[in-house]
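Take a look at the structure below.
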Amino acid sequence: VQYGLEALHTYLNTTNNQIIALVDKHTLQDCYPKIQTDIPFIQVPYGEGYKNLNSCEYIWKHLTELKATRKSILLCVGGGVLCDMGSLAGVLYQRGMRVVLCPTSLLAMVDAAIGGKNGVNFLGFKNYVGTFHQAEETFICTDFLETLPNKELVNGYVEMLKHGLIADKSHYDAVKMFFLSNSKHVTEELIKHSIALKLQHTQQDFKDKGIRQRLNFGHTIGHAIESWSLSIQEENKELSHGYSVALGIIAESFISKRLTGLSENDFNEITVVLQGFVKGLDHPLPRYRDIQGYLIADKKNVGEGVRFALLHNIGECTENHLVNEDVIADAMDYLHYLK
Ligand SMILES: NC(=O)c1ccc[n+]([C@@H]2O[C@H](COP(=O)([O-])OP(=O)(O)OC[C@H]3O[C@@H](n4cnc5c(N)ncnc54)[C@H](O)[C@@H]3O)[C@@H](O)[C@H]2O)c1
Ligand SMILES: [Zn+2]
């Protein structure tokens with residue numbers, strides 16, 4: 001991981017190979033100009049609803065037209081959707097071209113562009129087709145955050161809070177201050193620490209068989225809610241990833257209280273910090289039966305039942321807990337109760 005626009009400029013100016021940028025409408029307008037180059041670009045529609053194989057085909061078609069080879073670099077300039085999808089498209093093009101990530105949303109900087117998972121949604125299931133593949137380089141340039149809409153910033157804070165919840169209470173406390181004050185100016189130091197926490201989990205367990213699954217805290221129910229929302233809402237009206245994960249964190253903290261000894265105090269703390277996501281929701285909230293099919297399809301499951309990463313305390317998490325469906329249903333009811 002490298003930091004700063006200058007490092008990115010140097011990298012782009014010193015490479016002799018063909019570079020092609022991948023952008024969407026927003027990042028073309030707000031981010032691409034900051035890269036100060038005239039590199040050709042491929043533009044895909046923005047939004048989670050376009051994170052699919054059709055968009056990959058579209059990218060491959062344009063790469064072919066631009067005569068890209070394995071030596072060419074696909075520079076993904078965008079949020080988590082573009083980083084995940086661009087990286088997958090790049091890895092498959094001619095069995096693998098070079099992929100460089102330039103995350104432009106807070107969420108992509110601290111999470112999606114770190115750790116080498118890529119993918120697209122398939123048949124309504126989140127990130128169901130993808131690979132583990134480390135990008136050649138990742139550039140974190142906080143200058144891009146200047147144009148990021150507030151609701152997108154919040155999505156990034158949710159993942160940063162999650163990093164604290166599973167592994168570092170003081171990080172959680174520090175991020176919470178920024179999040180609750182709605183600050184646009186998250187420090188590079190906090191971003192770096194979130195990245196370090198994520199890397200701690202991914203480097204020891206690249207293929208997601210053990211402790212990496214702790215990063216999935218809040219995501220078992222979060223992904224199910226997000227998939228369900230994608231299936232019922234019009235384009236770009238769906239619940240965002242960060243929002244869905246915030247709901248997932250509350251629900252899975254509820255389960256942690258029941259099963260892994262999360263104290264009433266810690267549970268209330270988490271609920272109070274994140275309850276704004278439930279109370280302000282102008283989007284329907286599913287019950288257990290609505291998301292059951294998605295939970296059963298979760299990638300962490302082995303054999304029967306649904307597996308969760310759960311909290312013991314704020315700052316301590318373990319993976320691979322089999323949870324009974326009655327408890328999951330109660331957790332979903334709790335979300336309705338909060339609303
Ligand atoms: N691979 C992983 O490990 C991993 C981890 C977490 C999340 N994800 C994935 O990340 C995705 C969510 O990413 P996201 O929250 O960044 O959403 P996103 O990629 O949809 O970006 C959100 C919106 O912000 C716009 N945008 C991005 N940067 C901008 C900027 N600097 N200025 C103005 N507008 C900007 C985008 O065009 C888009 O409309 C989900 O698909 C999720 O599955 C992947
Ligand atoms: Zn996430």
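Rule-based calculations on the coordinates, nothing more; no lab input. Remember, it's a predicted structure, so these values are computed and weren't measured experimentally. Note that we place each Cβ from the backbone using ideal geometry, even for glycine, and neighbour counts take in every protein chain shown.
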Find the Rg to Rh ratio for the chain, where Rh is the Kirkwood radius over alpha-carbon pairs and Rg uses the same atoms.
0.96
Checked the stretch 67-131 against the a/c 1.5 cut and the a/b vs b/c comparison, axes a ≥ b ≥ c from its Cα gyration tensor; verdict oblate
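Determine the relative contact order of the chain: mean sequence separation of Cα pairs under 8 Å and six or more apart, normalised by residue count, in whole percent. Present the calculation step by step, with values, prior to reporting the outcome.
Values: 614 pairs, mean separation 48.3, N = 339.
14 percent.
Using alpha carbon coordinates only, what is the Rg to Rh ratio of the stretch 98-146, with Rh defined as the Kirkwood radius?
When Rh is taken as the Kirkwood radius, the ratio is 1.03.
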Ranking request for peptides 73-83, 38-48: highest mean number of other beta-carbon atoms within 10 Å first, then the rest in descending order.
73-83, 38-48
Cubic angstrom per residue, convex hull over Cα atoms of the stretch 80-168:
113
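Does the stretch 173-230 come out rounded, prolate or oblate by the C-alpha gyration tensor, with a ≥ b ≥ c the root eigenvalues, rounded set by a/c under 1.5 and, if not, prolate when a/b is larger than b/c and oblate if not? List each step's numbers first, then the result.
Details: a/c = 2.88, a/b = 1.21, b/c = 2.37.
Here the stretch 173-230 falls in the oblate category.
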Past the 32 Å Cα-Cα mark, which pairs from K207/K279; K67/K300; K34/K237?
K207/K279; K67/K300
Rounded to the nearest angstrom and ordered from largest down, what semi-axes does the equivalent ellipsoid of the stretch 222-327 get from its C-alpha gyration tensor (root of 5λ)?
23, 19, 10
Which of K126/K192; K162/K184; K51/K192; K257/K339 exceed 24 Å between C-alpha atoms? The answer is K126/K192; K51/K192
In square nanometres, what is the average projected area of the Cα convex hull of the stretch 1-72?
5.6
For a quick check: with amide H placed at 1.01 Å from N, whose amide H comes under 5 Å from A135's, ignoring anything fewer than 5 positions away on the same chain?
G116
